[in-house]
Every structure is written in C-alpha cells, then in structure tokens.
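Structure, as structure tokens:
The values are calculated or read from the model by the stated rules, or taken from the named source; none is laboratory data. Keep in mind the model is a prediction, meaning the values are calculated, not measured. A quick note on method: Cβ atoms are made from the backbone with ideal geometry, for glycine too, and the neighbour counts reach across all protein chains shown. Ligands, DNA and RNA are excluded from the accessible area calculation, which covers all protein heavy atoms including side chains. Shrake-Rupley method; radii C 1.70, N 1.55, O 1.52, S 1.80 Å.
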Amino acid sequence: MAETMKALVLEAHGDIDTLKVVNDYPKPSPGAGEVLIRVGASSFNYHDVFTVKGMPGIKVPMPVVIGLDMAGQVVALGEGVTEWQVGDRVLVNPLNKAKGLMGEMLDGGMAEYCRVSTSQLIAMPPDVSYADAASLPVAYGTAHRMLITHNTVKAGDKVLILGASGGVGTGCVMLAKQLGAEVIACAGSAEKMAALTALGADHVVNYRETDFSKWAIQQYGKPQRRTYEGGVDVVINFTGGDTWVPSLKCLKRGGTLLVCGATAGHDPKEDLRYIWSFELKVIGSNSFYDDDLSALMDMIQAGTLKPTIDKVLPLEEAAEGLRMIRDREVMGKIVVTP
Ligand SMILES: NC(=O)c1ccc[n+]([C@@H]2O[C@H](COP(=O)([O-])OP(=O)(O)OC[C@H]3O[C@@H](n4cnc5c(N)ncnc54)[C@H](OP(=O)(O)O)[C@@H]3O)[C@@H](O)[C@H]2O)c1
C-alpha cells in the first residue's frame, strides 16, 4: 500500500475553513534531480490568504498542499543526486523555475514531507533553527532584496514603513535599522506599536487613529520643491489602496517609494503631480534570490538578526494561524511545525 502523510490541503478556493488537515495525503518520493525533505518548519505569508481565496490569472491545481516557506532535513535522494546527502539541513527557495511556486502550483511546506528540486536547496548554517529559517524566504527575503540588494536605504535616511507589523514589515524594520536608518513604523494597534518599539523602531504611528502622512509632515516639515527640505527619504508601501497618494505626499524631493505588494488594492488612485514635482523615484521589488536567503541565514548565525515569530503552531491548528494573518492579528510570522 502506498505510504501516506499528514498535510494541510486546499481542495477548492474559498474561505480559510475550506483548508483541511488530512492524514492520508500521498507521501511523495523524489524524482531525478530531487530530494525528499522531512519538513522541520514552514511558515505562512499573506500570499497564502490570496492562494486560498483564489487570485485572478492563477489557476491552482487542486488538491494542493499550501505553504511557500519551508526548511527541513533531507531524508531521501532521487536519481542522479550527488551534491546533497541524507541528513543535510536545508532551506527551500519556494520558486521552482520550471513549474512555479511551491504551495501554489506545486505541493508546499504544510506537510510532514515535501519533494524538492535540488536547484531550490540552500544549506543551513549549523546554529540556525528550522523555525527561524522557515520564516525567511517570502517575507524577509523580499525585504532583503528591496532594501539591501537594490541598495535603496542608507544610514541616516528617514524610512516610513506601512504594515510594519507583518512578515515583510518586521523584516524591513530590522534591516532598515541595521542600515542605520531612522525608522517610522506604522501599525494598527497599541500592542503592535509596543512590539515594534521593542524591535527597534524609532517612532511608531497607529495609522488607524493618526494620518501617517500628516504625522510625517508635522514631524519632518512639509516637503519643499526647491530646497530638498521636509518629508521622509523613503516610504515602504506594500499595502496600496488608500495609502498610495498619502505616501507620495510625505516624501521629500528626490525621495523613494518602495513597493512590493498591494494587500489593500493594486489599482489605487494616483497623483502624478507629486512624482514629477518632487522628482520621486517609485521602485518596485519582486521576490528574492538564493543570495538574499543565504545572507539572511548568515545574519542569524552571526546573531545580528532574529526573525520575529508570533506563534509556532502544530499542523492541526495551522489554519488558525492563517486566519490570524487575514484578520491582521499577527506580529511578524506564524510558523507551523508539521
Ligand atoms: N512581490 C513579492 O515578492 C512579495 C513578497 C512578499 C509579500 N508580498 C506582498 O506584501 C504584502 C505583505 O505581505 P506579508 O506576508 O508581510 O503580510 P502580513 O504578514 O499579513 O503583513 C501585512 C501587514 O499589512 C497591514 N495591512 C494594512 N492593510 C491591510 C489590509 N487591508 N489587509 C491586511 N493587512 C493589512 C497589517 O498590519 P496592521 O493591521 O497593523 O495595519 C499586516 O500586518 C502582501 O500584499 C504580499 O502579497 C509581495
């Protein structure tokens, strides 16, 4: 009889309660150029909320094991695999270049085992835990590429971060601080503000109560067209929607608006006058590469980075973690240990 495993499976798009934990999902076996991983930890991202709901233009093959981020131990080798050994501890880059994203187009990390192409494996330094490693790819990897690989933030910059309490957001707060920036972290509750202060933010703004754009103008002065005075140097915005134009308004002349997502809407009202009058740079950033992930694991190994993990949940309770992300109740990451 074919071997089975426990997995969190999406069988049809809908609300989060359509996700099912099953005990009889077929245990994969590695094909040529692949390994089998026993998942040590996986983590959720807002992307999983979109996957469960269904996104226009993305046809998810069902059933699928969700979860993009995972780290674990190699337990079996497919044909022709010589560069990895049973027992190796690995972080997985979820993008399979031939087949698409794991946890969306291919089975992902919310299961006991996962089969992965060797081209997606990154060796883990010895002192990095599975939970910390699995927190990295989609959230911290994206933050690393946006701030460090693209060289967009420098020491002394005033960097205003929207959605600072989330996965990408906490990554941006920590990396911007490491780069020597003055960080203004915006979040939606007093609890999150306290946690962001503890994480190193220099200022916290509850943008449900306070207009963040007006706050920045009051704090740093009105941006000036001729003198480069006033406003902030960088706004990090992966929220979109109603936050887009206010982000343009509080940037100094020559300032940078960084964008890697649009949780609240991808087609916001635009106001081009701010972009040309203040010579603003709008810089997009997408995804991450192995180098971003290795650099982040090296920081953890060196003790200069500690991913913010809100909760570690067993697979049976994993869906509750995704609900918390959807309902904006999370500070940092939700990790699942299958
Ligand atoms: N392009 C890429 O490669 C890439 C990679 C990673 C993520 N992304 C995108 O970046 C965004 C953030 O991802 P994430 O995984 O960091 O999400 P997350 O952990 O859920 O954090 C998002 C934060 O945004 C805030 N927020 C503001 N408006 C919101 C809304 N309408 N709905 C939900 N949250 C809202 C929430 O904080 P408050 O409640 O405190 O406001 C929340 O903590 C997502 O849109 C995601 O798709 C893109």
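Sort out which residues of the stretch 195-216 are polar (S, T, N, Q) and either more than 10 Å from the ligand (Cβ to nearest atom) or in the same structural domain as LYS333 (by TED's automatic domain parsing) (or both), and write them in order of number.
Listed by number, the residues that qualify are THR197, THR210, SER213.
Considering only residues that are open to solvent by less than 20 Å² (accessible area, probe 1.4 Å) and among the small types (Gly, Ala, Ser), look in the stretch 246-260 and name the one that is nearest to the ligand (Cβ to nearest atom).
SER247
Within 25 Å of PHE288 (Cβ to Cβ), open to solvent by less than 20 Å² (accessible area, probe 1.4 Å) and aliphatic (A, V, I, L, M): does that describe LEU8?
yes
May I ask you to verify whether ARG145 is within 15 Å of the ligand (Cβ to nearest atom) and among the basic types (Lys, Arg)? Steps first, please.
Numbers: within 15 Å of the ligand (Cβ to nearest atom): yes; among the basic types (Lys, Arg): yes.
For ARG145, the condition - within 15 Å of the ligand (Cβ to nearest atom) and among the basic types (Lys, Arg) - is met.
Can you name the condition, by its number, that ASP327 falls short on among (1) more than 15 Å from the ligand (Cβ to nearest atom); (2) open to solvent by less than 80 Å² (accessible area, probe 1.4 Å); (3) in the same structural domain as GLY67 (by TED's automatic domain parsing); (4) not hydroxyl-bearing (Ser, Thr, Tyr)?
The one condition ASP327 does not meet is (1).
How many residues are touching a helix residue (DSSP H, G or I) at 6+ places or on another chain (Cβ under 8 Å) and in a loop (DSSP other than H, G, I, E, B) if we restrict to the stretch 167-206?
Selection size over the stretch 167-206: 3.
Any idea which of THR227, THR243, THR263 is within 16 Å of the ligand (Cβ to nearest atom) and surrounded by fewer than 21 Cβ atoms within 10 Å (Cβ to Cβ)?
Working: THR227 fails: within 16 Å of the ligand (Cβ to nearest atom); THR243 fails: surrounded by fewer than 21 Cβ atoms within 10 Å (Cβ to Cβ).
Only one candidate passes the filter, namely THR263.
Return the residue satisfying two criteria in turn: it lies in the stretch 166-194 and is open to solvent by less than 10 Å² (accessible area, probe 1.4 Å), within 13 Å of the ligand (Cβ to nearest atom) and among the small types (Gly, Ala, Ser), and of such residues it is nearest to TYR207 (Cα to Cα).
Per the criteria, the residue is ALA187.
Given (1) in the same structural domain as GLN120 (by TED's automatic domain parsing); (2) within 16 Å of the ligand (Cβ to nearest atom), where does GLU317 come up short, assuming only one miss?
GLU317 satisfies all of (1) in the same structural domain as GLN120 (by TED's automatic domain parsing); (2) within 16 Å of the ligand (Cβ to nearest atom) except (2).
Consider the stretch 47-64. How many of its residues are within 18 Å of the chain's Cα centre (by Cα) and in a loop (DSSP other than H, G, I, E, B)?
The total comes to 1.
In this structure, is GLY303 within 11 Å of the ligand (Cβ to nearest atom), farther than 21 Å from GLY231 by Cβ and not aliphatic (A, V, I, L, M)?
no
Looking at (1) touching a residue at least 24 places away in the same chain (Cβ under 8 Å); (2) touching a Gly at 6+ places or on another chain (Cβ under 6 Å); (3) more than 11 Å from the ligand (Cβ to nearest atom), which is the only condition GLY156 fails?
(2)
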